[in-house]
Amino acid sequence: MIGLYIGSTQGYSGKNLVTLALGQHFQREGQRVGYMKPIGAVPHKIGNQIGDEDAYFMQQALGLSENPSLVTPVVITRDFRMRAFLEDCANLLPGIVDSYKKLSAEKDLMLVGGSGSFLYSGKYCGVDGVSVSQALGTKVILVDRYLQEYNYDYLAAAKEALGDDLVGVILNDVPEHFREEAETLIVPFLKRRGVDVLGIVPHDPIMFAVRASDLAVGLGGRLVTAPPKSDKLVVNFLIGTMQVENFVTFFKRQKDVAILCGGDRADLQLVALEGNCSALILTGNLYPNDMILAKAEDKGVPVIVVRDDTFSVAKKMELMLTREKLRDRSRIEHGTKIVQQSVNMAMLKKTSACKPTRPSRTLVSGFGRACPIAVWLAPRPFAATGSGAAGQLSNQRSERTCRGSNSTNRSEATGFPHSWRAFPCTCCSTCWRSNAWPATKRPLPPRSPPSSWPSRPGACRSAWPLTPPFTAPLSACSPSSGSSSPPSGCTT
């Protein structure tokens, strides 16, 4: 089992997006991926338990449903901080390690999400990124987001602290005008310091867009028109304080922008509506006149009225547009695709030893688990054809054998024992019926097992482990020559 800790040089750098992109990539390759976020900074009540909001979102996005108290064993609440400031913190690492061991059982890859700054966040209570990753024995990937410049000093310090455990760094949100400098200066510099750059993720304005409805909530305002259009995305904003003629010049250069102006500037509001702005934000708690309201309804432009002054609202909007959390499905799909295209997955697998170890999850039996026959006999390498339960394995010779078996008489063409006539155990009749039986050069078995072989759907989960060695020897589950029924011990 491989563990990867995804940290960052500062908060809101794109850790969740990178973690999700990597998790989905390895899931498609057939790996059993687990996830945990040891330190939760955003408390969230899940049922009758307290967990972390980001961790809960990641669990849903990766198709997992683990206990919140295991996924996030340490949740930073106000009470937790007060106790930490007033008295010495207890050692929190053993509890984190214990949760990690439970969650990583039967997993091929464990993704661990960091919180805040990798080197510093949590230092006051002994759960900074360095301490946690070393306690868990994981490799580390750092995400560094471009904000005017890169934190190359920080990355060099992280390399000194981690040594070979630092797999590499992902440079995130790189604007087009800075990409050449990043490739010609930053990447070679980090390489000389022993830090591999796994990928450069370009800036994409859609990733930092905010829905008009979320904007109204974040600004403490009220949506007064076009509620059905409140899902419009706002990528940027423009402050309307100049004369109309000059304002139009700047407005035409922008796309998907919200116009921020005083509630008494009807001239600017009318021009913004004619230009189909994404949203109109009116400050000073001043409502627009009836003509503006009618025009906004006709154009489908959300109008938001806020109490604060224009300068205060502009500061809040700038913060929201740079720190908006990913929750929208369309943006998540868009963002994960960008990350997967930008990150050098081959380099990542080489340096972190993340390699596919199991057949794809499309090769499953009727009860949703990988067919034990397919897993046991899957050749290395293998290729899958078809889709769903009808998918079959193209076979080469398998080197896997069953514990306790003395049989070495295997077909050079298929790798299967010559004594196997149908399937090794009656509990797998469900897998057989679903046509998940591996293809061979000899004819496939009939579509249904002999009547003397009772069907036990679901028994594979308890009777047969998914990886060798199996508890039953090969000879015990192989029908003898000329027999249509297996030994009685095969089904127990």
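The values are calculated or read from the model by the stated rules, or taken from the named source; none is laboratory data. Just so it is clear, the model here is predicted, and its values are computed rather than measured. Using ideal geometry, Cβ is built from the backbone for each residue, glycine included, and neighbour counts are taken over all protein chains shown.
You will find that of Gly122, Gly194, the residue that is at pLDDT below 95, under 20 Å from Asp54 (Cβ atoms) and either surrounded by 20 or more Cβ atoms within 10 Å (Cβ to Cβ) or in the same structural domain as Leu348 (by TED's automatic domain parsing) (or both) is Gly122 and no other. Please verify whether segment 136-146 includes one or more residues that are more than 18 Å from the chain's Cα centre (by Cα), crowded, with 23+ Cβ neighbours inside 10 Å, assigned by TED's automatic domain parsing to the domain that holds Gly23 and within 17 Å of Asn16 (Cβ to Cβ). Scanning segment 136-146 turns up no residue that is more than 18 Å from the chain's Cα centre (by Cα), crowded, with 23+ Cβ neighbours inside 10 Å, assigned by TED's automatic domain parsing to the domain that holds Gly23 and within 17 Å of Asn16 (Cβ to Cβ).
Here segment 320-329 is the region considered, the condition is being modelled with pLDDT under 75 and part of a helix (DSSP H, G or I), and the residue that is nearest to Gly262 (Cα to Cα) is Thr322.
Scanning segment 213-226 for residues that are touching a residue at least 60 places away in the same chain (Cβ under 8 Å) and either of a type in the set (S, T, N, Q) or more than 18 Å from Thr310 (Cβ to Cβ) (or both) returns Ser213, Asp214, Leu223, Thr225, Ala226.
This table checks each residue for (1) over 18 Å from Val257 (Cβ atoms); (2) part of a loop (DSSP other than H, G, I, E, B); (3) among the charged types (D, E, K, R); (4) modelled with pLDDT under 90.
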| position | (1), (2), (3), (4) |
| --- | --- |
| Cys277 | no, yes, no, yes |
| Ile281 | no, no, no, no |
| Leu293 | yes, no, no, no |
| Asp298 | yes, no, yes, yes |
| Val301 | no, yes, no, no |
| Ile304 | no, no, no, no |
| Asp308 | yes, yes, yes, no |
| Lys315 | no, no, yes, yes |
| Glu318 | no, no, yes, yes |
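Quick grid of which residues meet (1) outside the structural domain of Tyr154 (by TED's automatic domain parsing); (2) surrounded by fewer than 24 Cβ atoms within 10 Å (Cβ to Cβ); (3) without any contact (Cβ under 8 Å) to a residue 24 or more places away in the chain; (4) within 9 Å of the chain's Cα centre (by Cα):
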{"position": "Ile6", "(1), (2), (3), (4)": "no, no, no, no"}
{"position": "Tyr12", "(1), (2), (3), (4)": "no, yes, no, no"}
{"position": "Glu29", "(1), (2), (3), (4)": "no, yes, no, no"}
{"position": "Ile39", "(1), (2), (3), (4)": "no, no, no, no"}
{"position": "Lys45", "(1), (2), (3), (4)": "no, yes, yes, no"}
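Thr225 satisfies every condition listed in (1) surrounded by 15 or more Cβ atoms within 10 Å (Cβ to Cβ); (2) not assigned by TED's automatic domain parsing to the domain that holds Thr72; (3) not in a loop (DSSP other than H, G, I, E, B) except (3). Only strands (runs of 3 or more DSSP E) whose full extent lies in segment 34-130 are considered here, and the ones with at least 2 residues that are under 30 Å from Tyr152 (Cβ atoms) are 109-113.
Per-residue answers, yes or no, for (1) in contact with a Gly (Cβ under 7 Å, 6 or more places away or on another chain); (2) outside the structural domain of Ile39 (by TED's automatic domain parsing); (3) under 30 Å from Pro175 (Cβ atoms); (4) not charged (D, E, K, R):
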site	(1), (2), (3), (4)
Leu86	no, no, no, yes
Leu92	yes, no, no, yes
Ser104	yes, no, no, yes
Asp108	no, no, no, no
Gly114	yes, no, yes, yes
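Taken across segment 288-299, residues that are in the same structural domain as Leu233 (by TED's automatic domain parsing), surrounded by 15 or more Cβ atoms within 10 Å (Cβ to Cβ), within 35 Å of the chain's Cα centre (by Cα) and closer than 18 Å to Leu223 by Cβ do not occur at all.
Just the residues that are closer than 28 Å to Phe85 by Cβ and free of Cβ contacts under 8 Å to residues at least 60 places away in the same chain, please, taken from segment 125-157. Passing the criteria: Cys125, Gly126, Asp128, Val130, Ser131, Gln134, Ala135, Ala157. Residue count for segment 239-275 satisfying the condition of being within 42 Å of the chain's Cα centre (by Cα), of a type in the set (Gly, Ala, Ser) and not in a loop (DSSP other than H, G, I, E, B): 3. Condition test on Val375, is it more than 25 Å from Ala41 (Cβ to Cβ), at pLDDT 80 or above, not in a strand (DSSP E or B) and not assigned by TED's automatic domain parsing to the domain that holds Lys15? No: the conditions fail for Val375.
Residues considered: Leu171, Leu219. Of these, the only one that is at pLDDT 90 or above and assigned by TED's automatic domain parsing to the domain that holds Ile281 is Leu219.
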